[in-house]
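The values are calculated or read from the model by the stated rules, or taken from the named source; none is laboratory data. Model, not experiment: these values are computed from the prediction. With ideal geometry, Cβ positions are generated from the backbone for all residues, glycine too; neighbour counts draw on all protein chains shown.
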Amino acid sequence: MNVYDSGTILSDLSILGYKLTDNVKKADLVIINTCTIREKAEQKAFSFLGRMADLKNKKPGLMIAIGGCLAQQEAKNILKRVPFVDIVFGTNVLGRLPALIRQAEKTGETAIDVDMSGKSRSALTIHAKKTPITDYVTIMRGCDNYCTYCVVPYVRGRETSRLPEDVVNEIKIRVKKGMKEVTLLGQNVNSYGKKEGLSSFSELLAMANDIEGLQRIRFTTSHPKDLSLNLIHAFRDLEKLCNHIHLPIQSGSNKILKKMNRKYTREAYLEKIGSLRSVKPDIAITTDMIVGFPGEAESEFAETLDLMKTIEFDGLFAFAYSDRQLAPASSFNDKLEEGVKKERLLKLLDLQKEYTRRKNKAFINKIVTVLVEGPSKKNNSDKPNAISQDLQWTGRTPENKIVNFTLDRTDLSCNDHLLGKLINVRIEKALSNSLKGTPVTDIKGEITYAA
Ligand code: SF4
């Protein structure tokens with residue numbers, strides 16, 4: 001969500017004449033778009049702001065803006081801790097940022113806007129000339145679920161869906177500007193449109209599927225309680241919908257799920273996984289897990305491990321529980337010791353490593369379809385023009401597996417044309433977080449494209 005918001009900010013500021021720089025020392029305006037979902041993210045934001053003090057001293061004309069969830073939640077505290085900040089803006093006022101910048105420039109005073117009462121912007125004008133091959137489009141904001149460990153409903157507000165025609169138009173504009181794959185974003189995309197009586201999420205996916213030039217569709221994040229049969233069937237019926245779902249479970253224990261206010265049981269989750277696999281036997285399933293939630297007994301943690309053994313996820317984002325101010329669980333009194341949480345986290349990650357390795361290994365010798373995103377990070381360059389040095393390229397399979405592949409030097413002239421193309425790659429090696437392969441060539445030695 002923050003990546004998408006940062007793109008929106010960039011697009012809006014380009015009309016004020018601002019351009020992106022990758023050297024913070026050269027910047028006239030530094031915008032820190034913060035996250036507060038975990039304690040570490042919050043600490044990182046404050047430590048980055050601390051480093052900015054030095055820069056501001058050396059360059060007094062430098063403007064510093066802080067936005068996102070931390071700014072929404074801690075505006076007063078930010079002003080106290082880092083009084084040199086010029087702009088503080090909340091999660092619902094992105095559209096007003098250009099005006100806030102002008103106001104701070106004009107008055108020399110800190111401009112603050114963390115108002116959540118207004119409707120966040122629904123339609124969006126995209127000013128950027130190009131968009132990445134794979135990009136995000138927000139379909140809704142906020143959340144109504146109030147999981148007890150989470151601050152999102154407090155810092156991003158109540159759930160609001162964008163109009164389907166606005167979403168579709170934005171995807172079309174981005175496709176015209178170069179996007180081939182869209183990830184539809186929301187805190188709980190499965191409940192898209194329900195509150196407002198708009199189209200359902202599966203209907204929105206069908207509309208996106210009809211967009212000419214768009215090659216792939218992904219979405220995140222799904223709430224298991226709202227995963228409908230229609231959405232499950234969309235994996236079978238929509239050819240552009242990728243073969244992957246991220247379905248956060250958070251715990252394998254019904255007692256802990258109840259305390260988390262997740263509103264589903266382990267059995268209901270398993271049933272949905274069964275339905276998904278009956279429709280798409282090879283669908284990649286990833287999840288989120290929180291270990292060491294207040295009151296989690298050893299036996300309840302064992303239930304989480306047992307669930308992992310039953311499902312064998314393709315990937316996992318796991319975290320040790322940490323208190324978030326505003327979230328109800330921060331006042332629960334049966335907190336676990338840090339050591340216990342850490343130990344459980346390591347155990348969980350260790351178990352997952354085995355499944356990820358096994359799942360990745362199953363791709364060896366298979367030919368997969370890869371959407372080419374650009375030179376691999378390993379080349380230390382993200383500029384497609386620097387191709388003469390960039391032999392390693394990267395892309396993803398529909399299952400969201402990263403595939404790195406090497407092109408022969410004789411292919412250099414056509415490398416450029418590969419960006420954004422769906423090519424066939426034979427997988428030769430499975431690493432812990434990625435796959436390695438070689439593009440499949442035809443009889444003339446030319447790279448073959450996926451049908
Ligand atoms: S569904 Fe729960 S965890 Fe996800 S954003 Fe909403 S409150 Fe937070």
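Residues considered: Asp54, Asp22. Of these, the only one that is of a type in the set (D, E, K, R), within 23 Å of the chain's Cα centre (by Cα) and not assigned by TED's automatic domain parsing to the domain that holds Ile171 is Asp22.
Kindly evaluate Tyr154 against the criterion of being outside the structural domain of Lys421 (by TED's automatic domain parsing), in a helix (DSSP H, G or I), touching a residue at least 60 places away in the same chain (Cβ under 8 Å) and farther than 30 Å from Gly61 by Cα.
Taking the combined requirement at face value, the residue satisfies it.
Go through the residues of the range 294-312 one by one and say whether even a single one is within 13 Å of the ligand (Cβ to nearest atom), assigned to a loop (DSSP other than H, G, I, E, B), over 27 Å from Val137 (Cα atoms) and of a type in the set (A, V, I, L, M, F, W, C). Among the residues of the range 294-312, not one is within 13 Å of the ligand (Cβ to nearest atom), assigned to a loop (DSSP other than H, G, I, E, B), over 27 Å from Val137 (Cα atoms) and of a type in the set (A, V, I, L, M, F, W, C), which makes the answer no.
Collect the residues in the range 139-151 that are within 11 Å of the ligand (Cβ to nearest atom) and either assigned to a helix (DSSP H, G or I) or in contact with a Leu (Cβ under 6 Å, 6 or more places away or on another chain) (or both), keeping them in residue-number order. Once the filter is applied, which keeps residues that are within 11 Å of the ligand (Cβ to nearest atom) and either assigned to a helix (DSSP H, G or I) or in contact with a Leu (Cβ under 6 Å, 6 or more places away or on another chain) (or both), the range 139-151 yields only Val151. The set of residues from the range 267-321 being over 18 Å from Glu354 (Cα atoms), small (Gly, Ala, Ser) and surrounded by fewer than 19 Cβ atoms within 10 Å (Cβ to Cβ) comprises Ala268, Gly274, Ser275, Ser278, Gly295, Ala297, Ser299.
Can you tell me which residue is surrounded by the fewest Cβ atoms within 10 Å (Cβ to Cβ) among those in the range 195-228 that are within 14 Å of the ligand (Cβ to nearest atom) and not in a strand (DSSP E or B)? It comes out as Lys195.
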